[in-house]
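The values are calculated or read from the model by the stated rules, or taken from the named source; none is laboratory data. This is a predicted model, so every value here is computed, not measured. All Cβ positions, glycine included, derive from the backbone under ideal geometry; neighbour counts span all protein chains shown.
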Amino acid sequence: MRKAFQLTEEQALLKRIHTRLESVEQLLTNGSKETSIALLNDIHASLSEWDKAESERQRYELLSEVAFTLSRAIGLDDILTQIVDGLAKIIPFDAVGVFIVEKNEIAAEYLRGYLIDAYEKVHKKLGKGIVGRVVETGRTVKISDVRTDNDYIAARVGTRSELAVPMFSQVSGEVIGVFNLESNNLNAYEDDDAELVATLASNAAIAIERSQMYHRLMHQQRINEELSVARRIQHSLLPTDASFNGLQLRGFSAPSELVGGDYYDFFPLTDKDIGIVIADVAGKGIPAALIMAGLRGSLRVEARTVYSISQIIDHVNQFLYSTSGPTEYVTLFYGVIDYEKNILTYTNAGHNPGLLYRKDGKIEQLDRGGVPIGMFNDQTWEETIVKFEPGDHLLLFTDGVTEAESISGNMFGITRLLESVGSLRNPTADQVIQHVKTIAAEHLNGNAFGDDMTLLSVVYQQEEHDG
Amino acid sequence: MTKHKLAVYGDVVVLHLRGKLMGGPESTEVTDEIKANIAGGFKKFVIDLGDVEWMNSMGLGMLIGSLTSITNAGGSLYLARVAGKIESVLAMTRLSGIFNTSPTVEEALTKV
């Protein structure tokens, strides 16, 4: 890049002009006409040299001004307008197009000096015309007479010369845009004009790439905000811990991402029984969360209107089967606790077994039922009745718990759940949840959860139950 | 990372799956492979799971998706060498009955 003309050089020039002018004054009084003319010519030359230096200096001053303005612009439209405004101060043109190129297509553009019906032709320039050539080669194209260039696409009638300069990414070095200047004069552009435009282009590239990054960040931030709202909504779908008629119900759910496909729920059905459910939607994140919300609604509605558990699951299965593909399915444990008769009726649709810890220390695995729901439309689910009495407690969990992987790659496993929770004597539901969380965290030892992890504990208290 | 292999024995397509079936891009690879072979006129498939170490819900979804595509096309699928983790996942989800299984690939070839 050419250096701006130094001020000291300008001062020397001015001094020379001044001396010459003094000589002219003397000659005009007593010298010959020829010598005077020669001297005047010399002065004229010095003056135009000074002019050139001065305009050069001004252009670079303007350039740094534009660069400064650009450094504060954020919006792409704003940046492009300022680039063209700045360009107009520095280099004369009759039409200008600034094109931002992404994946070989015009992602944004700023046009000035073209008639509206010529718009299509301007567009054709990319890929075919001179602008396309610049994108492809990354080299400046300077045409002194467009009538002699085959690549030129006439987007304007008056154009005689053209200057197209690539704009390079300051990150990757790839061509990310083109500055295209058109003039009605022949030979309008010199090499130093091209240099100047290139300098402006690299400043513009910084501003444009910063703007793009800013907008990507804003976009990401908006997605994150929406995800937070989704997480809040999902969390509000979980029931509040409850205790009644000697039953304590406590749940815990931690999605591995902001939202997840696990959930637990419980809801009173009549004045003597309560429905409990834990479910795990295949997959993670938003898709799983949406299926989960649909499933929860469907199950709550069915549970209130249909008595038979196998029928409820059958209906929910039909709903899920009809709304999702075969690879979108749910494993689920659904049960109804009748606290008058002290029985639990359940069906297990391909879910991890429910763990029933008996008062006498025995543990039953509740694993009867059928396949996961949402996979097939011709399956049935059997229901099983077990005793659920004061002093017993039930733990439901998702595979995020048993498959919690330590740094060394060991799975938490079901044995730990059976033994460790089984060793608790008359625990409260809170204690069960806390205990599992603690031993799972110890197992993970700082490793992140790879999957959603959900727990539901139902403790049938001995002393508080009045029979 | 799973690297799958595909072999054809007569009119049976055998897919040897390896590594972990965790719903990554390799899952789509398998279902695409099966769909392509169905489109190519094949109806008999064997998925060899002997070298699969681990499978999660997405991997299971992939197997179900494969079974659905094959059944809908009037074909049949056998899972061969189902053991360890895969066996326990199929048992827990009670899907063992849904799939035809066989202890060896050779046996699956004769049954499918």
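Just one of (1) under 28 Å from A:Leu418 (Cα atoms); (2) touching a residue at least 60 places away in the same chain (Cβ under 8 Å); (3) surrounded by fewer than 20 Cβ atoms within 10 Å (Cβ to Cβ) fails for A:Asn352. It is (3). Report whether or not B:Thr68 is of a type in the set (Ser, Thr, Tyr) and within 11 Å of the chain's Cα centre (by Cα). No. Only one entry in A:Gly361, A:Gly369, A:Gly391 is assigned by TED's automatic domain parsing to the domain that holds A:Tyr264, out of contact with any Cys (no Cβ under 6 Å at 6 or more places or on another chain) and under 26 Å from A:Leu295 (Cα atoms), namely A:Gly369. Residues in the range A:140-168 that are at pLDDT 90 or above and over 20 Å from A:Phe93 (Cα atoms): A:Phe168 alone. Here A:Leu444, A:Leu455, A:Leu418 are screened, and the one residue that is crowded, with 23+ Cβ neighbours inside 10 Å and either of a type in the set (A, V, I, L, M) or in contact with a helix residue (DSSP H, G or I) (Cβ under 7 Å, 6 or more places away or on another chain) (or both) is A:Leu455. Is there any pair with a first residue in the range A:79-106 that is over 17 Å from A:Asp193 (Cβ atoms) and of a type outside the set (Val, Ile, Thr) and a second that is crowded, with 24+ Cβ neighbours inside 10 Å and at pLDDT below 85 whose Cβ atoms are under 7 Å apart and which are 6 or more apart or on different chains, and what are they? Listed pairs, sorted by first residue: A:Phe99/A:Val131.
Against the test of being within 30 Å of A:Ile286 (Cα to Cα) and at pLDDT below 85, the options A:His215, A:His235, A:His219 yield a single qualifying residue, A:His215.
Looking only at the range A:341-355, filter to residues that are within 14 Å of chain B (Cβ to nearest Cβ) and of a type in the set (A, V, I, L, M, F, W, C); which one of those is nearest to A:Phe397 (Cα to Cα)? Out of the qualifying residues, it is A:Leu355.
The residue list A:Ile223, A:Ile208, A:Ile233 contains one member that is surrounded by 17 or more Cβ atoms within 10 Å (Cβ to Cβ) and either more than 34 Å from the chain's Cα centre (by Cα) or assigned to a helix (DSSP H, G or I) (or both), which is A:Ile208. On the given criteria, is B:Met62 within 14 Å of chain A (Cβ to nearest Cβ) and touching a Gly at 6+ places or on another chain (Cβ under 6 Å)? Against the criterion (within 14 Å of chain A (Cβ to nearest Cβ) and touching a Gly at 6+ places or on another chain (Cβ under 6 Å)), B:Met62 does not qualify.
Restricting attention to the range A:280-321, and to residues there that are free of Cβ contacts under 8 Å to residues at least 12 places away in the same chain and part of a helix (DSSP H, G or I), which single residue is surrounded by the most Cβ atoms within 10 Å (Cβ to Cβ)? Looking at residues that are free of Cβ contacts under 8 Å to residues at least 12 places away in the same chain and part of a helix (DSSP H, G or I), I get A:Leu290. The residues listed here are A:Val157, A:Val135; of these, the one that is of a type outside the set (S, T, N, Q), touching a residue at least 24 places away in the same chain (Cβ under 8 Å) and out of contact with any Asp or Glu (no Cβ under 6 Å at 6 or more places or on another chain) is A:Val135.
Within the range B:90-106, the set of residues being more than 9 Å from chain A (Cβ to nearest Cβ) and touching a helix residue (DSSP H, G or I) at 6+ places or on another chain (Cβ under 9 Å) comprises B:Leu90, B:Ser96, B:Phe99, B:Asn100, B:Thr101, B:Ser102.
Taking the listed residues A:Val165, A:Val157, A:Val171, A:Val134, the one that is among the β-branched types (Val, Ile, Thr) and in a helix (DSSP H, G or I) is A:Val134, with no other qualifying.
Considering only residues in the range A:371-413 that are in contact with a strand residue (DSSP E or B) (Cβ under 7 Å, 6 or more places away or on another chain), away from chain B (no Cβ under 12 Å) and of a type in the set (Phe, Trp, Tyr), the one that is farthest from A:Asn352 (Cα to Cα) turns out to be A:Phe388. Scanning the range B:1-27 for residues being in a helix (DSSP H, G or I) and either touching a residue at least 12 places away in the same chain (Cβ under 8 Å) or of a type in the set (A, V, I, L, M, F, W, C) (or both) gives a total of 2. When restricted to residues that are touching a strand residue (DSSP E or B) at 6+ places or on another chain (Cβ under 8 Å) and more than 17 Å from A:Val135 (Cα to Cα), the range A:183-199 contains 8. Of all residues in the range A:143-152 being within 43 Å of the chain's Cα centre (by Cα) and buried (at least 18 other Cβ atoms within 10 Å of the Cβ), which is farthest from A:Val197 (Cα to Cα)? For the range A:143-152, the residue satisfying everything is A:Tyr152. Please find, within the range B:32-55, the residue that is modelled with the highest pLDDT out of those that are within 12 Å of another protein chain (Cβ to nearest Cβ) and surrounded by fewer than 20 Cβ atoms within 10 Å (Cβ to Cβ). It comes out as B:Glu53.
Scan the range B:75-83 and give yes if some residue there is among the charged types (D, E, K, R), surrounded by 17 or more Cβ atoms within 10 Å (Cβ to Cβ) and within 10 Å of another protein chain (Cβ to nearest Cβ), otherwise no. The answer is no, given that none of the residues of the range B:75-83 is among the charged types (D, E, K, R), surrounded by 17 or more Cβ atoms within 10 Å (Cβ to Cβ) and within 10 Å of another protein chain (Cβ to nearest Cβ).
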